[in-house]
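A.B. asks: Handing you a structure now.
The values are calculated or read from the model by the stated rules, or taken from the named source; none is laboratory data. Note that the structure is predicted; figures quoted are calculated from it, not measured. In case anyone asks, the SASA skips ligands and DNA or RNA and just uses the protein heavy atoms, side chains included. Shrake-Rupley method; radii C 1.70, N 1.55, O 1.52, S 1.80 Å.
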Amino acid sequence: QVQLVESGGGLVQAGGSLRLSCVASGRTFSRNGMGWFRQAPGKERDFVAAISWSGSTTPYADSAKGRFTISRDNAKNTMYLQMNSLKPEDTAVYYCAARRIPYESMSPADYAYWGQGTQVTVSS
(Lines give C-alpha, C1' and ligand atoms only; values in the text may rest on other atoms or scores of the structure.)
Protein backbone atom coordinates (compact mmCIF):
# COMPACT_ATOMS: atom_id res chain seq x y z
CA GLN A 1 0.00 0.00 0.00
CA VAL A 2 1.24 3.47 -0.94
CA GLN A 3 0.06 6.52 0.96
CA LEU A 4 0.33 10.06 -0.43
CA VAL A 5 0.15 13.26 1.60
CA GLU A 6 -0.03 16.72 0.03
CA SER A 7 1.05 19.94 1.71
CA GLY A 8 1.77 23.55 0.83
CA GLY A 9 -1.69 24.79 -0.06
CA GLY A 10 -3.12 27.98 1.32
CA LEU A 11 -4.47 31.43 0.53
CA VAL A 12 -2.51 33.63 -1.85
CA GLN A 13 -3.29 36.76 -3.82
CA ALA A 14 -3.36 36.80 -7.60
CA GLY A 15 0.13 36.88 -9.07
CA GLY A 16 1.64 35.11 -6.09
CA SER A 17 3.29 31.71 -5.81
CA LEU A 18 2.89 28.46 -3.92
CA ARG A 19 4.90 25.26 -3.83
CA LEU A 20 3.00 22.05 -3.23
CA SER A 21 4.66 18.89 -1.98
CA CYS A 22 3.52 15.28 -2.06
CA VAL A 23 5.27 12.71 0.11
CA ALA A 24 4.85 9.01 -0.57
CA SER A 25 5.10 6.47 2.21
CA GLY A 26 4.32 2.84 2.84
CA ARG A 27 5.49 -0.18 0.93
CA THR A 28 5.86 0.00 -2.81
CA PHE A 29 7.17 -2.61 -5.21
CA SER A 30 7.50 -0.59 -8.40
CA ARG A 31 8.68 2.72 -9.81
CA ASN A 32 5.79 5.17 -10.00
CA GLY A 33 4.77 7.71 -12.55
CA MET A 34 3.04 10.56 -10.71
CA GLY A 35 0.78 13.50 -11.37
CA TRP A 36 -1.09 16.50 -10.01
CA PHE A 37 -4.82 17.01 -10.49
CA ARG A 38 -7.21 19.65 -9.23
CA GLN A 39 -10.93 19.97 -8.62
CA ALA A 40 -12.77 23.27 -8.26
CA PRO A 41 -16.25 23.55 -6.70
CA GLY A 42 -18.86 22.22 -9.10
CA LYS A 43 -16.23 21.05 -11.59
CA GLU A 44 -14.73 17.71 -12.53
CA ARG A 45 -11.25 16.66 -11.51
CA ASP A 46 -8.81 18.05 -14.09
CA PHE A 47 -5.28 17.14 -15.06
CA VAL A 48 -2.60 19.68 -14.15
CA ALA A 49 0.81 18.06 -14.69
CA ALA A 50 2.47 14.65 -14.63
CA ILE A 51 5.98 13.25 -14.42
CA SER A 52 7.56 9.92 -15.26
CA TRP A 53 9.63 8.08 -12.69
CA SER A 54 12.86 9.26 -14.29
CA GLY A 55 11.58 12.83 -14.56
CA SER A 56 12.30 12.89 -18.29
CA THR A 57 8.68 13.35 -19.39
CA THR A 58 6.53 16.12 -17.94
CA PRO A 59 3.26 16.89 -19.75
CA TYR A 60 1.27 19.93 -18.61
CA ALA A 61 -2.29 21.09 -19.00
CA ASP A 62 -2.56 24.13 -21.26
CA SER A 63 -3.66 26.20 -18.27
CA ALA A 64 -0.47 25.29 -16.41
CA LYS A 65 2.14 25.69 -19.15
CA GLY A 66 4.57 28.51 -18.51
CA ARG A 67 3.41 29.02 -14.93
CA PHE A 68 3.68 25.66 -13.15
CA THR A 69 6.66 23.34 -12.85
CA ILE A 70 6.46 19.71 -11.75
CA SER A 71 9.48 17.92 -10.31
CA ARG A 72 10.35 14.96 -8.12
CA ASP A 73 13.07 13.72 -5.82
CA ASN A 74 12.92 9.95 -5.75
CA ALA A 75 15.47 9.68 -2.95
CA LYS A 76 13.01 11.60 -0.76
CA ASN A 77 9.89 9.96 -2.20
CA THR A 78 8.58 13.44 -2.87
CA MET A 79 6.93 15.20 -5.81
CA TYR A 80 6.56 18.98 -6.10
CA LEU A 81 4.44 21.48 -7.98
CA GLN A 82 5.81 25.00 -8.16
CA MET A 83 2.99 27.37 -9.04
CA ASN A 84 3.79 30.93 -10.13
CA SER A 85 1.66 33.80 -11.42
CA LEU A 86 -1.38 32.31 -9.76
CA LYS A 87 -4.84 33.30 -10.94
CA PRO A 88 -8.24 33.09 -9.23
CA GLU A 89 -9.09 30.36 -11.75
CA ASP A 90 -6.42 28.19 -10.11
CA THR A 91 -8.51 27.96 -6.95
CA ALA A 92 -9.20 24.28 -6.29
CA VAL A 93 -8.32 21.29 -4.17
CA TYR A 94 -5.07 19.90 -5.52
CA TYR A 95 -4.46 16.14 -5.44
CA CYS A 96 -1.31 14.16 -6.02
CA ALA A 97 -1.51 10.69 -7.51
CA ALA A 98 0.77 7.76 -8.27
CA ARG A 99 0.67 4.88 -10.74
CA ARG A 100 1.88 1.32 -10.37
CA ILE A 101 4.13 1.68 -13.43
CA PRO A 102 6.91 4.21 -14.16
CA TYR A 103 5.16 6.04 -17.00
CA GLU A 104 3.22 9.28 -16.63
CA SER A 105 -0.40 9.75 -17.66
CA MET A 106 -2.85 12.61 -18.06
CA SER A 107 -5.84 10.43 -17.19
CA PRO A 108 -7.07 10.09 -13.58
CA ALA A 109 -8.20 6.54 -14.34
CA ASP A 110 -4.58 5.44 -14.78
CA TYR A 111 -3.62 6.28 -11.20
CA ALA A 112 -3.93 3.76 -8.40
CA TYR A 113 -3.01 5.92 -5.40
CA TRP A 114 -4.37 9.31 -4.36
CA GLY A 115 -3.72 11.82 -1.62
CA GLN A 116 -6.43 13.58 0.36
CA GLY A 117 -5.85 16.92 -1.33
CA THR A 118 -4.69 20.37 -0.29
CA GLN A 119 -6.74 23.53 -0.75
CA VAL A 120 -5.36 26.34 -2.90
CA THR A 121 -7.27 29.62 -2.87
CA VAL A 122 -6.24 32.56 -5.04
CA SER A 123 -7.87 35.90 -4.26
CA SER A 124 -8.41 38.74 -6.73
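A.B. asks: Extension gain Q119-D62, at 0.36 nm per residue separation less the Cα-Cα distance, in nm?
C.D. replies: 18.4 nm
A.B. asks: Right, next: If you take the C-alpha gyration tensor of the stretch 55-124, multiply each eigenvalue by 5 and take the square root, what semi-axes do you get, largest first, in whole Å?
C.D. replies: Each semi-axis is √(5λ); the values are 22, 14, 12 Å.
A.B. asks: Quick one: pull the percent of accessible area on the chain belonging to carbon and sulfur, 1.4 Å probe, ligands and nucleic acids left out.
C.D. replies: Using a 1.4 Å probe with all protein chains present, the chain comes out at 48 percent carbon and sulfur.
A.B. asks: Taking amide H atoms as placed 1.01 Å from N in the peptide plane, list the residues 5 or more away in sequence, or in a different chain, whose amide H sits under 5 Å from that of G33.
C.D. replies: Those lying under 5 Å, H to H, from G33 are W53, R99, I101, Y103.
A.B. asks: Using the eigenvalues of the Cα gyration tensor, what equivalent ellipsoid semi-axes result for the chain when each is taken as the square root of five times the eigenvalue, whole Å, largest first?
C.D. replies: Equivalent ellipsoid semi-axes, largest first: 23, 14, 13 Å.
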